[in-house]
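Let me begin by presenting the structure, written as structure tokens, before commenting on it.
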Amino acid sequence: MKLTGAQILMEVLKEEEVATIFGYPGGAVIDIYDALAETDIRHVLVRHEQGAVHAADGYARAAGRVGVCLVTSGPGVTNTVTGIASAYMDSIPIVVLSGQVPTALIGNDAFQEVDIVGITRPCTKHNYLVMSIEDLAPTVKEAFYLARSGRPGPVLVDIPKDITKESIEYVPVSEVKLKSYNPTYNPNMKQLKKIVTLLEQSERPMIFAGGGVILSKAAKELNELARKAQIPVTTSLMGLGGFKESDPLSLGMIGMHGTYRANMCTAECDLLLAVGVRFDDRVTGKTEAFAAQSQIVHIDIDPTTIRKNIAVTIPVVGDCRITLQHLNRLLDQVDLGDLAAKRKKWFDRIDEWKSTNPLAYHQTDKIKPQYVVEQLCELTKGEAIITTEVGQNQMWAAQYYQHNLPNHFITSGGLGAMGFGLPAAIGAQVACPEKIVIDIAGDSSIQMNIQEMATAVQNCLPVKIVILNNGYMGMVRQWQELFYDKRYICTGMDCAPDFVKLAEAYGAVGLRATKPEEVTAVLSEGLAVSGPVIMDFVVEKEEGVYPMVPAGAAITEMLLV
């Protein structure tokens, strides 16, 4: 039977078990939308294409599968670039389907024509321009395969309008084979045996776990390794939830705004086992001083990340979960002796660092943002899916919500895209309708995609937005306070809207707290509402995020107050 290109696209999406698409229609994709209406695939209509990509991103992280968005040509697809770049930096598997002008008009500066393949080449894992209907199905199948395999990432498929209207006999693509693309999943066992030897010899070991642990679903294997070898664990921002922060072996988050104990531990460990990380500059600080006393093992599926930023002793290319499974089996075959006794001095030292608690804050008659996040964690028992915007709100969410579950902390880590949290929360809520999903936001970044409140209301998605409202672009203001003599240039947000009235204008519920004693009641009321809620917490205006490592300093050179 003959099918149009738009119908063929729907067939491939069904074969890929796509349940939801986030999108915004336009002329170049009108035939695709017409075909979409004949399927059972759910379409979530966003209010801006950037929101569509962030929603697909949040969906992918929460569901552990490929997220999909669909947008039109020209400004429709250029609006996706920030979201694509964010997914690329954080290795999130999404497929972006975009419309393009008819093939005969490509290169003629036609209405709403842009070279989106050229624009997104630096921030996609791969991208395609489909130039014949015969290539459509194989290309889309490849896109999904590339997005989810190896080191995941965003893939864009640009589809000219005439391709969606043409018809051919549809023959399903059985499998995808790419000669030039063969990710290494299984590690070199000789390298793993070297790691076992180092673990046997080490007196001050430490595990540094990143987003690769979440993406490869390796939390169980990581926990087993830490237990078996009695190793404390720190995580990157992207790795939060990969190891339970309630565990005695947890050191919390590492880096610029990491815990005192994690940063100090990195400086004095003699073995650093890095799993699924890329040694981002916000983690390492001054690279010459990072883990300077340590031998470093780096496990990652992407060979280009190894030795890219930090010299390592033992490189291991492989999938994190598979590699840790093999490593745990090897450890079962050796006598590690009494590790608790061997490392007693190390754990005593860590206990000393734990007693230095820079995350403590002093409550006043003003609401402290840290207190709001702590109360939120207590009320949700640490089991909510947390998305964030970017800035101080993001760091307080990372520091004061106890992250014990993988795929439950969703943030724009590498790119740091303001406006990420609300659409990501929408995507996560669609993926996990039974879960409480909360966007912890600042009053500045929430306004960047606030229009997606309409998406939440229209689709009856009970996302909760907790705004830590300090009247500033908070993180930039903090830098101005510390390094620019409090010259608060262009960071005041004095004309922010009344968020309670704004919520009501969208048909949602709006709540506000202005005193510490109101915080718990407002959170409880907001969480009990069955629909979307904005909770506005008017917090201490000049509260800072600490610890803080100044740019260019070693991560042990922390500002604590």
Can you spot the aspartates and glutamates whose alpha carbon is less than 17 Å from Lys342's alpha carbon? Ignore those fewer than 8 places along the same chain.
Glu200, Glu203, Glu268, Asp270, Asp351
Can you classify the range 416-519 as rounded, prolate or oblate using the Cα gyration tensor, where a ≥ b ≥ c are the square roots of its eigenvalues, rounded means a/c under 1.5, and otherwise it's prolate if a/b beats b/c and oblate if not?
prolate
Taking alpha-carbon centroids only, the range 102-117 lies from the range 459-487 a number of Å equal to 40
Labelled set (i) 0.99; (ii) 1.28; (iii) 1.04; Rg/Rh (Cα atoms, Kirkwood Rh) computed from this model equals the value at (i)
Percent RCO, i.e. relative contact order, over the range 369-538, from Cα pairs under 8 Å lying at least 6 residues apart
22
Taking amide H positions as placed 1.01 Å from N in the peptide plane, with prolines and chain starts having none, which residues 5 or more places from Thr387, or on another chain, fall under 5 Å of its amide H?
Ile410, Ile438, Asp439, Ile440
Quick one: Kirkwood hydrodynamic radius for the range 2-169, alpha-carbon pairs, angstrom, one decimal?
15.3
Could you please rank Met418, Met131, placing first whichever residue has the fewest other Cβ atoms within 10 Å of its Cβ?
Met131, Met418
Kindly state, to the nearest 0.05, the FRET efficiency for Asp281 paired with Glu38, given R0 = 60 Å and r defined as their beta-carbon distance.
0.80
Once you order the gyration tensor axes a ≥ b ≥ c over the Cα atoms, which shape class does the range 221-306 get: rounded for a/c under 1.5, otherwise prolate or oblate by comparing a/b with b/c?
rounded
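Any idea what the relative contact order of the chain is, in percent, if you count C-alpha pairs under 8 Å spaced at least 6 apart?
Value for the chain: 14 percent.
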For the pairs Lys190/Lys220; Lys177/Lys435; Lys125/Lys501, flag any whose C-alpha to C-alpha distance is greater than 32 Å.
Lys177/Lys435; Lys125/Lys501
Please list the non-local residues whose amide H lies under 5 Å from the amide H of Ser202, H modeled 1.01 Å from N, same-chain partners needing a gap of 5 or more.
none
For the range 2-169, give me the percentage of DSSP beta bridges that are antiparallel, rounded to the nearest 5 percent.
10
What are the aspartates and glutamates whose alpha-carbon lies under 12 Å from the alpha-carbon of Lys486, with same-chain residues fewer than 8 places away excluded?
Glu542
Of Val68, Val561, Val529, how do they rank once you tally other Cβ atoms within 10 Å and put the fewest first?
Val561, Val529, Val68
On a straight-distance basis, which aspartates and glutamates could pair with Lys161 in a cross-link, Cα separation under 12 angstrom, same-chain partners fewer than 8 positions away excluded?
Asp31, Glu113
Integer Hz, Karplus 6.51/-1.76/1.60 couplings in order for the range 172-188, x for Gly and Pro
x, 7, 6, 7, 9, 10, 10, 4, 8, 10, 9, x, 8, 9, 8, x, 6
Full-stretch length increase - Asp247, Asp494 - with 0.36 nm per residue and alpha-carbon distance subtracted
84.7 nm
The chain - mean residue ellipticity at 222 nm from DSSP helices (-39,500 (n - 2.57) per run, n ≥ 4, rounded to 500)
-10500 deg cm²/dmol
Size of electric dipole in the chain: Cβ of Lys, Arg +1 and of Asp, Glu -1, about Cα centre, debye, nearest 20
1520
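Residues with beta-carbon under 13 Å from that of Asn357, excluding Asn357: net charge, scoring Lys, Arg +1 and Asp, Glu -1?
For residues surrounding Asn357, the net value is 0.
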Rounded, prolate or oblate for the range 189-355? Axes are the square roots of the Cα gyration tensor eigenvalues, ordered a ≥ b ≥ c, and the cut-off for rounded is a/c under 1.5.
rounded
Check His126: other-chain or 5+ apart residues with amide H under 5 Å from its amide H, H built from backbone geometry?
Leu156
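Rule-based calculations on the coordinates, nothing more; no lab input. In this text, all values refer to a predicted model and were calculated from it rather than measured experimentally. Every residue, glycine among them, receives a Cβ derived from its backbone with ideal geometry; neighbour counts consider all protein chains shown.
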